[in-house]
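Written out below as structure tokens is the structure these notes cover.
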Amino acid sequence: MRTAMIILKTADEIDRMRRAGILAAEALREVARMVKPGVTGAHLDRIGEEFIRSRGGVPSFKGYRGFPSSLCVSVNDEVVHGIPDGRPLRDGEIVSIDLGVVLDEFHGDIAVTLPVGEVGKDVQKLLTVARESLFKGIDAVRPGRRLGDVGVAIQRHAERAGFSVVRDFAGHGIGRQLHEEPQVPNFGEAGTGPVLRVGMTLAIEPMVNAGGYEVYMDEDGWTVRTRDRRPSAHFEHTVAVAQDGPQVLTAIPDGVL
Ligand code: MG
């Protein structure tokens, strides 16, 4: 894996990224409050976009390679990159909401998967483990450690619970660009991959499947689905590598994760 292209950020740039990250987390909190049976993805998209713009930000995803919306809204077997539409969410479904904000030239990227109404025990376990996997990955962030240490921490936690991690999509470096080097896989081997250095900024985003890890692309060219049609959960934070460990740039005190 190349490491030369990884852009390190100064302390000032990380402060700016934190402001973008906080706005992203606040927007996600607003959207998450609306999630209930009967609400449509299109409505959530509108709420999110209006909130981001009202605070002076711009949605990172809208227009990115032609993506039509501000939020990715991925339901049940949809893993990531679902396009919000007019179908009402139903009781017992799960919905991943992923949003990015650009503010003062820097991006923040965050995602959460939420239950719609009441979900079954197995589905709730998937949400819990996927969320924990994100924090296992974050906890592995230390200067001098390697990216494979992050991937293996995520993978180990998900697989121990009987779930799988998606191979075909990964987290990513983030900064002035939504997607920068390096790729941040949700699997790997300890002690391999690029060395983590102070000033690296990473979007860590486990995609955890209830069944197998295989996915396929929907006919819309965006929506990624599980091949076995079983549910998938997705959680994401934007994280800076600091001298004393990880700094989560998308954390707010009463946030959704
Ligand atoms: Mg991302």
Query raised in the report: Here are Ile83, Ile110: which of them is closer than 30 Å to Arg16 by Cα, touching a Ser or Thr at 6+ places or on another chain (Cβ under 7 Å), within 12 Å of the ligand (Cβ to nearest atom) and touching a residue at least 40 places away in the same chain (Cβ under 8 Å)?
Result: Ile110
**Report entry** Enumeration of residues in region 182-213 that are crowded, with 21+ Cβ neighbours inside 10 Å and β-branched (Val, Ile, Thr)
**Finding:** Val184, Thr201, Ile204, Val208
Query raised in the report: Are there any strands (runs of 3 or more DSSP E) wholly within region 145-239 with 1 or more residues that are over 15 Å from the mean Cα position of the chain (by Cα) and more than 28 Å from Arg29 (Cβ to Cβ), and if so which?
Result: 180-184, 215-217
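Please go through region 13-66 and give me each residue that is of a type in the set (Lys, Arg) and in contact (Cβ under 8 Å) with a residue 24 or more places away in the chain, ordered by number.
If the condition is that a residue be of a type in the set (Lys, Arg) and in contact (Cβ under 8 Å) with a residue 24 or more places away in the chain, then Arg16, Arg18, Arg19, Arg29, Lys36, Arg55 are the ones that fit.
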Report summary line: Those residues of region 240-257 which are at pLDDT 95 or above, in a loop (DSSP other than H, G, I, E, B) and within 17 Å of the chain's Cα centre (by Cα) amount to Leu249, Thr250, Ala251, Ile252, Gly255, Val256
**Report entry** Wholly within region 1-114, strands (runs of 3 or more DSSP E) carrying at least 3 residues that are hydrophobic (A, V, I, L, M, F, W, C) and at pLDDT 95 or above
**Finding:** 71-75, 94-103
Query raised in the report: Can you find even one residue in region 114-129 that is buried (at least 24 other Cβ atoms within 10 Å of the Cβ) and in contact with a helix residue (DSSP H, G or I) (Cβ under 8 Å, 6 or more places away or on another chain)?
Result: no
Report task. Could you run through region 1-29 and say how many residues are under 21 Å from Glu118 (Cα atoms) and surrounded by fewer than 18 Cβ atoms within 10 Å (Cβ to Cβ)? Result -> 1
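The values are calculated or read from the model by the stated rules, or taken from the named source; none is laboratory data. Model, not experiment: these values are computed from the prediction. Because the Cβ atoms are built from the backbone with ideal geometry, glycine has one as well, and the counts that use them run over all protein chains shown.
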